[in-house]
Amino acid sequence: MAVKPVELAGSNILVTGPTGQVARPVVDALAAVADVTALARFTDDRVRRDIENLGVKTLAADLADAESLRACPDEFDYVLNFAVVKTDDFQYDLAANAEGVGNLMLQCRSAKAFLHFSSTAVYQYAGSEPRKESDPLGDNHRSMFPTYSISKIAAETVCRFTAHQFDIPTTIARLSVPYGNNGGWPYFHLLMMKEGMEIDVHPERPNSYNLLHSSDYIEKIPYLLGAATPQVTTTNFGGSTAVSIEEWCNYLAELSGFTPIFRDNPAAFGSLSIDTTQMHRLIGPTQKDWKEGVKEMVAALSPELLRV
């Protein structure tokens, strides 16, 4: 049976990483029902004003700099940590992604629940076998994002330590492949297909993942917060149905008329589907059919590319 979801309407919520592709739909949705504060470095004033126009308060800070977080009040009911940096500089990326989680949790230690968004990039590659939460971790994304997997593993460790030490109810959600009407990995593949570019895939096909539509992850956030405990709940978080790069590119071909050109590359990300057993027990199955979600995405971003 799924956990009881928390009530977010009327609550005071801090969202970090609000300018990112994953977090922005969450900010848009929560701004309509809750008191939301968005925390980021905000290097682009236009983006900051755009978020403020939603009625969201903004706070400029760097998670790597504990001093800059002192302006962040410790008054939030819930904290959603989407923040991530990928500069390829290990020193900074570990400070921002790993130490940054600790800095944030210490600053917001009175929250009812803390939700940290990690990634399935923490898992060791194991071919087509769906990854369980207890499976070995590894440096999965080194070929494209040198610091990413290690930073995510380190961030989970700091998150657990801080939760244990300060009795902060916490959930760690390992995201698979998020997407929605503001883009995602399948949309990049569509643009590559349009230009006739080769799409690198691991030779051990099919390369399967669990596409997670924004409508589903927004709907599940109250459940993930409801699952939070000071012992820390760690769960996979993706769509209930696994689908391969090859499948979604071929479906994009049906929609657009463009032909995917696959190129075998042993350095490409290999299959990384998830075991959904624990996720379904905690928060239930997702609802969005992946084909429906992909078609909606194309219609929202490039309707001129749709031929059906």
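Every read-out reported here was derived from the displayed coordinates using simple, explicitly stated rules and does not represent laboratory data. Just so it is clear, the structure is predicted and the values come from calculations on it, not from any experiment. Neighbour counts run over all protein chains shown; Cβ positions are idealised from the backbone, glycine included.
My understanding is that a pair violates if its Cα-Cα distance is over 28 Å; which of K132/K295; K4/K288; K112/K152; K57/K288 do that in this structure? The answer is K132/K295; K57/K288.
Each residue of the stretch 283-299 was assigned a 3J(HN,Hα) from its phi angle through the Karplus curve 6.51 cos²θ - 1.76 cosθ + 1.60 (θ = phi - 60°); the sequence is 10, x, x, 7, 10, 6, 5, 5, 5, 4, x, 5, 5, 4, 4, 5, 4 Hz, with glycine and proline shown as x. Remark: K288, K4 ranked as K4, K288, counting other beta-carbon atoms within 10 Å and listing the fewest first. Legend: ranking of residues C159, C249 from fewest to most surrounding C-beta atoms inside 10 Å; resulting order C249, C159.
Calculated mean residue ellipticity, 222 nm, the chain: -10000 deg cm²/dmol, from DSSP H runs (n ≥ 4) at -39500 (n - 2.57) each, averaged per residue and rounded to 500. Database remark: amide H of I199 closer than 5 angstrom to the amide H of I261, F262, R263 (H placed geometrically; neighbours at sequence offset of 5 or more, or on other chains; Pro and chain starts carry no H).
How big, in percent, is the set of alpha carbon pairs in the chain lying more than 27 Å apart?
42 percent
Work out, step by step, the length gained on full extension between E7 and Q231: first 0.36 nm times the residue separation, then minus their alpha carbon distance; give nm to one decimal.
Values: separation 224, 0.36 × 224 = 80.64 nm, distance 2.18 nm.
Once the chain is fully extended between E7 and Q231, it gains 78.5 nm.
Backbone amide hydrogens, once placed in the peptide plane, bring A61 within less than 5 Å of A40, R41, excluding anything fewer than 5 places away on its chain. Applied to the stretch 219-226, the Karplus parametrisation 6.51 cos²θ - 1.76 cosθ + 1.60 on θ = phi - 60° returns per-residue 3J(HN,Hα) values of 5, 8, 4, x, 6, 4, 5, x Hz, with x for Gly and Pro. Net length available on complete extension from E246 to R46 is 68.3 nm, with 0.36 nm assigned per residue and the Cα-Cα distance removed.
Applying the Karplus relation 6.51 cos²θ - 1.76 cosθ + 1.60 with θ = phi - 60° to the stretch 78-94 yields 3J(HN,Hα) values of 9, 10, 10, 9, 9, 4, 7, 10, 9, 8, 6, 9, 4, 4, 6, 5, 5 Hz, where x marks Gly and Pro. The residue among A71, L30, Y123 whose Cα reaches farthest toward the positive pole of the charge dipole of the stretch 4-138, with charges on the beta-carbon of Lys, Arg, Asp and Glu, is L30.
Fewest-first ordering of M144, M105, M279, M193 by other beta carbons within 10 Å of each residue's beta carbon gives M144, M193, M105, M279. The loop-placed GluC sites (Glu not before Pro) in the stretch 197-231, going by DSSP, that have at most 14 neighbouring Cβ atoms within 10 Å of their Cβ come out as E204. Return the long-range amide H neighbours of R174 (sequence gap of 5 or more, or a different chain), with a cut-off of under 5 Å between placed amide H atoms. Answer set, sorted by chain and number: S118, T235, N236, F237.
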